[in-house]
Each structure stands twice: as structure tokens, then as C-alpha cells.
Amino acid sequence: MTRKILPLAALALLLTVFVGPVSAGELTEYPDPECSVVIDNPAATFGDSIVATGTGDPGDEATATYTVGGEVLVLGSTTADAQGDWTLPVDIPAGGDTAGALEVSSTNCGVLLALVLDAHAVATPTAEPLAFTGSNSGPMTTVAGLLLLAGGGLVLISRRRNSQA
């Protein structure tokens with residue numbers, strides 16, 4: 001009877017120890033699903049004009065800023081209408097010889113769009129990295145497999161000893 005219960009107890013212990021602590025990564029706050037922005041020229045560069053159109057909360061203030069060398073220049077702002085819709089025309093400064101960042105943000109939604117403008121390239125959209133939503137269970141799986149192999153080996157050894165006695 002003990003020979004049947006002991007392996008089951010060992011398996012239950014292994015499952016509790018190695019499967020129990022699996023958890024998701026760090027929680028990240030996501031923007032309000034009602035917040036969005038679209039620009040008419042995603043390949044904009046220095047001297048171009050773009051129109052950013054977005055949605056958010058009614059009365060929300062949308063602002064476009066350009067940052068270069070630590071200096072922030074406000075390129076324009078507007079207020080959302082009663083439905084939360086807004087349109088913001090933006091003139092990107094001409095003659096840029098260093099990289100800068102163009103951001104469109106709103107009061108309640110935060111940064112909605114970030115473009116990096118390089119002096120010799122077109123704009124490149126940037127985004128926050130995705131949240132880690134899993135676990136690194138590779139080492140635990142390896143240990144569990146080794147323990148199962150060791151347990152199987154012990155069962156074979158005990159059977160050989162019992163059959164020889």
C-alpha cells in the first residue's frame with residue numbers, strides 16, 4: 001500500500017511546488033480604450049504638416065509637442081468636442097539637423113502617439129513594449145523532468161532487488 005501512495009504523494013508535491021507559482025508578469029496600465037489617434041502622414045519629416053485626429057473624453061485637451069535636445073516646443077493644442085472628438089493640425093519645424101521626438105498627447109489619455117524624427121530619415125513610430133504575460137518555466141520543467149527520471153530509475157532498482165530476493 002505504501003508503495004502506491006508514496007509515488008502519488010511525490011507527484012502531488014512536485015506539481016504543487018513547480019506548477020503552483022506560475023504567474024503573469026508585471027501589470028501595466030493600458031490607455032483608455034476610448035482614446036485613439038490617427039495621423040494623415042505617418043512618414044512625416046522636418047518641414048511637413050500633419051493632421052492628427054483623435055478621440056478621448058469630452059473637453060479633453062490634445063497637445064502636440066516637439067522635443068529636441070531637452071527643449072520642449074508646443075506645436076499646437078485643441079479641445080475635444082462634446083463627443084470627445086478632436087482634430088489638431090501640426091507643422092513640424094523645418095531645418096532639423098538633430099533627432100527629435102514629436103508627441104501627441106491628451107489630458108486624460110496620456111501620450112497617444114510618439115514619432116522620432118531623424119535628421120536624415122523619415123519619422124519612425126515608437127511604441128511601449130508589450131507586457132510580459134507568462135512565466136519562465138523552462139528551468140522548472142527541466143528539474144521536474146530530471147526528478148521524474150530519477151524516480152523512474154529508483155522504481156526499476158527497487159523492482160530488481162525485489163525480484164532477486
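The values are calculated or read from the model by the stated rules, or taken from the named source; none is laboratory data. Since the structure is predicted, the reported quantities are computational estimates derived from the model, not experimental observations. Here Cβ is always computed from backbone atoms with ideal geometry, including for glycine, and neighbour counts include all displayed protein chains.
Test D40 against the stated conditions and say whether it is at pLDDT 85 or above and loosely packed, with under 12 Cβ neighbours inside 10 Å. Yes: the conditions hold for D40. Just one of the listed residues (L14, L75, L88, L8) is modelled with pLDDT under 85, surrounded by 15 or more Cβ atoms within 10 Å (Cβ to Cβ) and of a type outside the set (V, I, T), namely L14. Restricting attention to the range 98-116 and to residues that are of a type in the set (A, V, I, L, M, F, W, C) and outside any strand (DSSP E or B), the residue that is farthest from G69 (Cα to Cα) turns out to be C109. Applying the selection to the range 44-66, what residues are loosely packed, with under 13 Cβ neighbours inside 10 Å and touching a residue at least 40 places away in the same chain (Cβ under 8 Å)? Those that are loosely packed, with under 13 Cβ neighbours inside 10 Å and touching a residue at least 40 places away in the same chain (Cβ under 8 Å): G47, S49.
Selection of first residues in the range 67-91 that are free of Cβ contacts under 8 Å to residues at least 40 places away in the same chain and of second residues that are among the aromatic types (F, W, Y), restricted to Cβ pairs under 8 Å at least 6 apart or on distinct chains, gives the following pairs, ordered by first then second residue: V72/Y66; L73/Y66; L75/Y66; T78/W86; T79/W86; A80/W86.
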